[in-house]
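The values are calculated or read from the model by the stated rules, or taken from the named source; none is laboratory data. Computed from a predicted model, the values in this text were never measured in an experiment. Methodologically, a virtual Cβ is constructed for each residue, glycine included, from the backbone with ideal geometry; neighbour enumeration extends over all protein chains shown.
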């Protein structure tokens, strides 16, 4: 399954909630989008994402793992890495910016209920290094899928569109593709390749 989280226009509606095994134990965890009052724009609603574990061995746990941002771009549970259980793939947006994360739920010694583990994170407010002769980040998105077939788990592809001088922010023609693979020893995604790609787009007066 490939998840392309690309633009605010594809924002997921409602308050999705998914339940599945995230840590390999008999109990299922729930990942859900939660609306909260905006602290930046009073009277409006932002979104966070939280994971809940019923944890019969101790007491229920709920942890916020992403947000708040202005809208939910995408939320899904998939099997991304090597350890047992599924992971939450999260895309939250605030205009052109926002954040994307892949969150696992790990059981550790002394913690039978488990806790969230951020195995990939991207913050568009602090993009990767911009290519030369560009004027800013115009678009971004991640996909989680099998790309090379030689790494354990699926890879993460980060696609950032950078507006070149004279281009409108709506239509970047230069895309920076950064590839990440899962590193079991670090229990985290690490970068293994970066490429620049030209795509057709619109030019015009900067906005």
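Evaluating residue 121 against the criteria (1) touching a residue at least 60 places away in the same chain (Cβ under 8 Å); (2) in contact with a strand residue (DSSP E or B) (Cβ under 8 Å, 6 or more places away or on another chain) leaves one unmet condition, (1).
Selection of first residues in the range 28-43 that are assigned to a strand (DSSP E or B) and of second residues that are surrounded by 16 or more Cβ atoms within 10 Å (Cβ to Cβ) and at pLDDT below 90, restricted to Cβ pairs under 8 Å at least 6 apart or on distinct chains, gives the following pairs, ordered by first then second residue: 33/12.
Residues of the range 124-133 that are surrounded by fewer than 18 Cβ atoms within 10 Å (Cβ to Cβ) and in contact with a strand residue (DSSP E or B) (Cβ under 9 Å, 6 or more places away or on another chain): 125, 127, 128, 129, 130, 131, 133.
Residue check: is residue 101 closer than 30 Å to residue 27 by Cα and surrounded by 12 or more Cβ atoms within 10 Å (Cβ to Cβ)? Yes; evaluated as a whole, the condition is true for this residue.
Within the range 163-180, restricting attention to residues that are surrounded by 19 or more Cβ atoms within 10 Å (Cβ to Cβ) and within 19 Å of the chain's Cα centre (by Cα), the residue that is farthest from residue 80 (Cα to Cα) is 175. Residue 23 satisfies every condition listed in (1) at pLDDT below 95; (2) over 21 Å from residue 144 (Cβ atoms) except (2). Could you tell me whether residue 80 is surrounded by 20 or more Cβ atoms within 10 Å (Cβ to Cβ) and assigned to a loop (DSSP other than H, G, I, E, B)? Answer is yes for this residue.
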